[in-house]
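Q: I'd like to ask you about the structure that follows.
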Amino acid sequence: MTDTESPRTPLPVIELDDVRKTYRTGALEVEALRGVNLRIHEGEYIAIMGPSGSGKSTLMHILGCLDVPTAGNYHLAGEDVGRMSEEDLAQIRNRRIGFVFQQFNLLPTLSAWRNVELPLCYAGVGRAERRTRAISALEKVGLRDRIAHRPNELSGGQQQRVAVARALVTDPALILADEPTGNLDSVSTQDVLGLFGELHASGRTIVLITHEPEVAAAAGRVVRIRDGNVQDDTGSDPRTSTDPRTSTDPRAGGASTTLTWEAHQ
Amino acid sequence: MSWAETLRIGLEAVRTHRSRSALTVLGILIGIAAVILTVGLGEGAQGQVRDQINSLGSNLLVVSPGSTTSSSGIRGGFGSASTLTSQDADALASRDVAPDIAAVAPASQRNLSLTAGTSNWTTTVVGTTPDWLSVRARKIDSGRFITGQDVTGHAAVVVLAATTAEQLFGARSPIGATVTISGVPMQVVGTLTAVGSSATANEDDQAILPISTAANRVFGGATRTSVQSIYLEASSSKTLSAAYQEANSELLALHHITTPTGADFTIASQQSILSAATSVDRTLTVLLGGIAAISLLVGGIGVMNIMLVSVTERIREIGLRKALGAPPRVIRRQFLVEASVLGLAGGLAGAALGLVGAAALPHLISQRIDISLTAAAAAIVVAVGIGVGFGVYPASRAARLAPIDALRSE
Ligand SMILES: Nc1ncnc2c1ncn2[C@@H]1O[C@H](COP(=O)(O)OP(=O)(O)OP(=O)(O)O)[C@@H](O)[C@H]1O
Ligand SMILES: [Mg+2]
């Protein structure tokens, strides 16, 4: 975005400038975010950590275009999200972002595979293809034998994996996951992390929230949030991050952000 | 997302929320059926009166004694001092005096007992002239009607209406048989074809005598030339008012009355009788329509409630669909499809129930029901409109929320 950056540096896909979020409940005001500045480059794998109530989910919702900041700017792939139309935002949520909610948010009336295929419905994908893609996404999270179960017939960890499958099914360039392994045992955690590792290796940008150090360890960069501020960031410079593509992925250098971004559509 | 896809999602939601869908459909259904039936009952009652009055005869004017002005004259004259005579009738029958009057039938009547063998039956005995048949638009079923000779000769002949004939003779043909009225034996020379409708039963329960026979041999009394009513038939519906004028001025002249307000008779046209009678029934229709409108309103509020509640409890779903990339337009469409499917189902079922009811009820309560298409269409539009309006409006409001706000709603 800026002229001073070297041609080998991928442009930031996410730029937050002094983002604030204030919740008003009656007379009470909660400042959940108090001026967050954050740059995330394409292909980064970031873990967001911080104590409960520090504003991690709030930040994630803003990144996912599910909520709007009270003040500050959010540029996604160079475009100001605040100026986008509802229609554009719907497109972005549908095609570019895969979101895993902390509370899963599955539709209770639909079976697992029907939940997973939902984003594809809004992407205009045909019925047969939706089904195959939903089932293969569920297969990836180890739920091949549970595709016809309703959420209330699944364990918490299984529901969480359905939510992960739903985030992956559209093959989005940006994956935002709010504690995706919070309810999983160590084996399932490793499975999901392995999945994220593969996605990262194929060039997806991944941001996840976690309380577990071993999950954070899988990420190349850790951002710590405290009281609505970025308290600590292990590296905002993509060249110092452990981005596997800086050495292995030929698309990493040179190609413009927008191009690679579009390549995943 | 395509419309077919939206339709599928909508139908699925209807199926998933079975009891709510059923309640919505029921609310719409009852409202519409109620409107169709109540308005139909009102219209039916009105139609019945209209038919009854039309069956009196076409282009009919009825002259009654008494100065009862206004259109309620049909009841006015009976029983009051008889100021009409058969001379009045003869005068009106003259082509020179009243060229627009085609036929004249003076009539007097009493309720008397008729005896035939061992059978006994009390009915309305009418003394009149041969023109009565055409003026009152009746038909002979068997035999003949009374003739001019019968009238001049005071003949002891009688023509029976259908019900009367059946009561006295059963299935046997009464032609040629003898009926005794007030001790005078009369020969039955003919029977009248039934008018049909149950509402006009009294039209089918009569015995017709020559007016002279009735006055001199049966009814008796002092003023043998006085009559209770004179039926006039205008030559066509266009000459009805001319006929009215002719009859009015001729009778005023005959009775030596100079001021029209002092008239000792009343002329009622079929139209005035009709409008007086139907105005009562129109009030009934309006009243029933009001009740129907209220039931529609109550049904509509029920539908509104169910729709509002169902959308409110699905705001989280709306938030999630938005989060997964549904544009507000698609969400609006989904709820539009759902509400329309429910509305349409309720509308069609309601119309069907209304029609079935309209076909079945008359057999149970012997009340005629006339389907009013306007009322039915209005009911369907209102009920479906309420359903769709209150299904789509809150949904489209929820679709404007930020996804996370919708997801967090209770
Ligand atoms: N809708 C809301 N209305 C009012 N306050 C809110 C709302 N959502 C969040 N908050 C407040 O904002 C602050 C940040 O909440 P947030 O959910 O972002 O925390 P978090 O870091 O995700 O916590 P956790 O790790 O427990 O999930 C909290 O103090 C919370 O009470
Ligand atoms: Mg949280």
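Q: Can you tell me which of B:Ala339, B:Ala326 is in a helix (DSSP H, G or I) and touching a residue at least 40 places away in the same chain (Cβ under 8 Å)?
A: Only one candidate passes the filter, namely B:Ala339.
Q: Name, by its number, the condition in (1) within 28 Å of the chain's Cα centre (by Cα); (2) within 14 Å of chain A (Cβ to nearest Cβ) that does not hold for B:Arg329.
A: The number of the failed condition is (1).
Q: Hey, another quick one. Regarding B:Val280, is this residue assigned by TED's automatic domain parsing to the domain that holds B:Ala45 and at pLDDT 80 or above?
A: When the stated conditions are applied, B:Val280 does not pass them.
Q: Next question, about the same structure. Tell me the residue from A:Val164, A:Val187 that is surrounded by 23 or more Cβ atoms within 10 Å (Cβ to Cβ) and either of a type outside the set (S, T, N, Q) or within 16 Å of ligand 1 (Cβ to nearest atom) (or both), please. Show your work before the answer.
A: Details: A:Val187 fails: surrounded by 23 or more Cβ atoms within 10 Å (Cβ to Cβ).
Matching residue, one of A:Val164, A:Val187: A:Val164.
Q: Related question: With within 16 Å of ligand 1 (Cβ to nearest atom) and either part of a strand (DSSP E or B) or at pLDDT below 50 (or both) as the only criterion, which of A:Leu208, A:Leu259 stands out? Outline the logic, then answer.
A: On the way: A:Leu259 fails: within 16 Å of ligand 1 (Cβ to nearest atom).
After applying the criteria, what remains is A:Leu208.
Q: Residue check: is B:Val309 at pLDDT below 85, surrounded by 16 or more Cβ atoms within 10 Å (Cβ to Cβ), over 20 Å from B:Ser64 (Cβ atoms) and away from chain A (no Cβ under 14 Å)?
A: no
Q: Next up: Only residues in region B:392-404 that are in the same structural domain as B:Ile318 (by TED's automatic domain parsing) count as the first member; pair them with residues that are part of a loop (DSSP other than H, G, I, E, B) and surrounded by fewer than 18 Cβ atoms within 10 Å (Cβ to Cβ), Cβ under 7 angstrom, at least 6 apart or cross-chain, and list the lot.
A: B:Ala402/A:Val68
Q: Sticking with this one: With the requirement that a residue be of a type outside the set (Ser, Thr, Tyr) and out of contact with any Asp or Glu (no Cβ under 8 Å at 6 or more places or on another chain), what does region A:147-160 give you? Before the answer, list the steps.
A: Residues of region A:147-160 of a type outside the set (Ser, Thr, Tyr): A:147-154, A:156-160.
Within region A:147-160, A:Ile147, A:Ala148, A:His149, A:Arg150, A:Pro151, A:Asn152, A:Glu153, A:Leu154, A:Gly156, A:Gln158, A:Gln159, A:Gln160 qualify.
Q: Going through region A:66-109 one residue at a time, which ones are assigned to a loop (DSSP other than H, G, I, E, B), among the hydrophobic types (A, V, I, L, M, F, W, C) and more than 16 Å from ligand 1 (Cβ to nearest atom)? Spell out how you get there, then give the answer.
A: Here is the first cut: in region A:66-109, the residues assigned to a loop (DSSP other than H, G, I, E, B) are A:66-70, A:77-78, A:84-85, A:101-109.
Next, from what is left, pick out any that are among the hydrophobic types (A, V, I, L, M, F, W, C): A:66, A:68, A:77, A:84, A:101, A:104, A:106-107.
If the condition is that a residue be assigned to a loop (DSSP other than H, G, I, E, B), among the hydrophobic types (A, V, I, L, M, F, W, C) and more than 16 Å from ligand 1 (Cβ to nearest atom), then A:Ala77, A:Met84, A:Leu106, A:Leu107 are the ones that fit.
Q: Please state which of the following conditions A:Ala134 fails to meet, knowing it meets all the rest: (1) in a helix (DSSP H, G or I); (2) modelled with pLDDT under 95; (3) farther than 22 Å from B:Ile404 by Cβ; (4) within 14 Å of chain B (Cβ to nearest Cβ).
A: Of everything listed in (1) in a helix (DSSP H, G or I); (2) modelled with pLDDT under 95; (3) farther than 22 Å from B:Ile404 by Cβ; (4) within 14 Å of chain B (Cβ to nearest Cβ), A:Ala134 misses just condition (2).
Q: Looking at this structure, is B:Arg18 over 30 Å from B:Gln367 (Cα atoms) and within 43 Å of the chain's Cα centre (by Cα)?
A: Details: over 30 Å from B:Gln367 (Cα atoms): yes; within 43 Å of the chain's Cα centre (by Cα): yes.
Yes; evaluated as a whole, the condition is true for this residue.
Q: Collect the residues in region B:389-410 that are within 18 Å of B:Val309 (Cβ to Cβ) and either among the hydroxyl-bearing types (Ser, Thr, Tyr) or buried (at least 18 other Cβ atoms within 10 Å of the Cβ) (or both), keeping them in residue-number order.
A: Answer for region B:389-410, where residues must be within 18 Å of B:Val309 (Cβ to Cβ) and either among the hydroxyl-bearing types (Ser, Thr, Tyr) or buried (at least 18 other Cβ atoms within 10 Å of the Cβ) (or both): B:Phe390, B:Gly391, B:Val392, B:Tyr393, B:Pro394, B:Ala395, B:Ser396, B:Ala398, B:Ala399, B:Ala406, B:Ser409.
Q: Does A:Met49 meet the test of being closer than 23 Å to A:Gly220 by Cβ, within 11 Å of ligand 1 (Cβ to nearest atom) and touching a Ser or Thr at 6+ places or on another chain (Cβ under 8 Å)?
A: Yes, satisfied.
Q: May I pose another question? Mind listing whichever residues of region B:202-243 are hydroxyl-bearing (Ser, Thr, Tyr) and crowded, with 21+ Cβ neighbours inside 10 Å?
A: Pass one, region B:202-243, residues hydroxyl-bearing (Ser, Thr, Tyr): B:212-213, B:223, B:225-226, B:229, B:231, B:235-237, B:239, B:241.
Correct list: B:Thr213, B:Ser229, B:Tyr231.
Q: Restricting to region A:81-127, give me the number of residues that are more than 8 Å from chain B (Cβ to nearest Cβ) and at positive phi.
A: 1
Q: Determine, yes or no, whether A:Pro119 is under 30 Å from A:Val187 (Cα atoms) and away from ligand 2 (no atom under 16 Å from the Cβ). Walk me through it before giving the result.
A: Details: under 30 Å from A:Val187 (Cα atoms): yes; away from ligand 2 (no atom under 16 Å from the Cβ): yes.
The answer is yes for A:Pro119.
Q: Moving on. Just to be sure before I move on: is B:Tyr231 assigned by TED's automatic domain parsing to the domain that holds B:Ser108, over 30 Å from A:Cys121 (Cβ atoms) and touching a helix residue (DSSP H, G or I) at 6+ places or on another chain (Cβ under 9 Å) in the structure I sent?
A: Answer is yes for this residue.
Q: Then there is this: Considering only region B:119-151, state which residues are surrounded by 17 or more Cβ atoms within 10 Å (Cβ to Cβ), of a type in the set (Val, Ile, Thr) and more than 19 Å from B:Glu233 (Cα to Cα).
A: The answer is B:Thr123, B:Val125, B:Val151.
Q: Looking only at region B:245-271, which residues are in contact with a strand residue (DSSP E or B) (Cβ under 7 Å, 6 or more places away or on another chain) and without any contact (Cβ under 8 Å) to a residue 24 or more places away in the chain?
A: B:Asn248
Q: Quick one: in region A:10-62, which of the residues that are closer than 11 Å to A:Val207 by Cβ and either within 13 Å of ligand 2 (Cβ to nearest atom) or of a type in the set (Ser, Thr, Tyr) (or both) is farthest from the other protein chains (Cβ to nearest Cβ)?
A: A:Tyr45
Yes/no per residue for (1) within 14 Å of chain A (Cβ to nearest Cβ); (2) in contact (Cβ under 8 Å) with a residue 60 or more places away in the chain; (3) over 19 Å from B:Gly42 (Cβ atoms):
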{"position": "B:Arg333", "(1), (2), (3)": "yes, yes, yes"}
{"position": "B:Gly343", "(1), (2), (3)": "no, yes, yes"}
{"position": "B:Ile365", "(1), (2), (3)": "no, no, no"}
{"position": "B:Arg368", "(1), (2), (3)": "no, yes, no"}
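Q: Please determine, by comparing only the residues of region A:111-129 that are in contact with a Ser or Thr (Cβ under 8 Å, 6 or more places away or on another chain) and touching a residue at least 12 places away in the same chain (Cβ under 8 Å), which one is surrounded by the fewest Cβ atoms within 10 Å (Cβ to Cβ).
A: Within region A:111-129, the first condition is being in contact with a Ser or Thr (Cβ under 8 Å, 6 or more places away or on another chain), and the residues that meet it are A:119-120, A:123-124.
Narrowing the set further to residues that are touching a residue at least 12 places away in the same chain (Cβ under 8 Å) leaves A:119-120, A:123.
Details: A:Pro119: 29, A:Leu120: 23, A:Ala123: 17.
It comes out as A:Ala123.
The values are calculated or read from the model by the stated rules, or taken from the named source; none is laboratory data. Please read these numbers as outputs of a predicted model, since none were measured by experiment. Quick reminder, even Gly has a Cβ in these numbers, built from the backbone with ideal geometry, and neighbours come from all protein chains shown.
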